[in-house]
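So the structure is just underneath, and the comments pick up after that.
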Amino acid sequence: MNMKKKLAMLLAAALCVSTLASCGGSGSTSGTASSGSASSGTGSPAPSGDVVTIQIGFENTTDEPIGKAVQKWAELVAEQSGGSMKLELFPNSALGTKSELIDQMVMGENIITIADGAFYAEYGVPDMGIMYGPFFFESWDDVWTLLDSDWYAEKCQELADKGLTILASNWVYGERELMTTKKVVTPADLKGMKIRLANSQIYVEGFNALGATAVPMALGDVYTSIQNGTLDGVENPLSTLYGQSFQEVAKYILMTGHIKNFTTWCIGTSFLNTLTPEQQELLKTTGEEAGLYNNDLQTAANDEYAQMLTDAGVEITELTEDQVSEWKAAGESFYELGSSFGWSDGLYETTQAAMGK
């Protein structure tokens, strides 16, 4: 089944079971339209007639597919709410770093941000981090199968109980590739190189396992850090690498695809519960609809970004099957660190089974 068809099926399923969904894009056997997290809610419903304004903070530019899709989300919310709800966009980390925003959201601020299991692992649900280990997913079908599983629904509910509710999970961020100032082909080439990773233990240890010296840093600081030699490289999807203009300071990309990076949008559970059930449901359904729009943009843009990077003088290297196997083998030590991440016993086997493996 191709990705687009699978995503459409996921959205249809989510709409059909919306009163039971605890996280966007996947079914749940517990919870209500308030994401099964009413026990965590402390707010009062927004007064009738008031315009509900929610800030969306994210580190991407509005020119990237994901930035365009967030704008689409804001349009959908305004249209479908009849103007009674408004999403206010803050790209380029203008509202703060991801960690800062999540801390504010847990405290009840009216904020939505983009995040993933590597961050949620540090906010009370460590098992979600495994999805962002190196070479965890073999295909995008594996991703959507796991997101449609009871295991994922249970983890979303645990997260909601900790203070963060996932609104939509069906957004493709892209396959993360490696961009460096000198050519890298094998894990041995990467040894000791200072590579920027998001400020998350999962991401950092995943790249350390591959042989790099991982440096956690906000995305907005990376360009200057590569330019002045503080960093030797960065990893991200092609759209983000180009959108951040890294082609001006680094000239090599290795198409590792080390993470099949789906991403999610989350909101503080306590703030969410100040909204009516109808408003909560609107945020979820429009978030998932915007996710499908994002995924179409991502698919169409990937080849275009590769060409633009090439035109900018970047050398792009594809891996052979044998080389991919070498990188996978290098990353295997990461999954031996489960106890240090607080993972459940047998988590790797559990998640593989949930993907039908």
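The values are calculated or read from the model by the stated rules, or taken from the named source; none is laboratory data. Predicted model, so just to flag it, every value in this text is computed and none were measured. Note that we place each Cβ from the backbone using ideal geometry, even for glycine, and neighbour counts take in every protein chain shown.
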- Message: Based on this model, can you work out whether ASP142 counts as assigned to a helix (DSSP H, G or I), surrounded by fewer than 23 Cβ atoms within 10 Å (Cβ to Cβ), touching a residue at least 24 places away in the same chain (Cβ under 8 Å) and in contact with a Leu (Cβ under 9 Å, 6 or more places away or on another chain)?
- Response: no
- Message: Give me the residue from region 172-223 that is among the polar types (S, T, N, Q) and part of a helix (DSSP H, G or I) and, out of that set, surrounded by the fewest Cβ atoms within 10 Å (Cβ to Cβ).
- Response: ASN208
- What single numbered condition from (1) loosely packed, with under 15 Cβ neighbours inside 10 Å; (2) outside the structural domain of LYS98 (by TED's automatic domain parsing) fails to hold for GLU278? (2)
- Task: For residues that are more than 23 Å from THR186 (Cα to Cα) and modelled with pLDDT of 95 or more, scanning just region 223-241, find the one that is farthest from the chain's Cα centre (by Cα).
- Result: ASN228
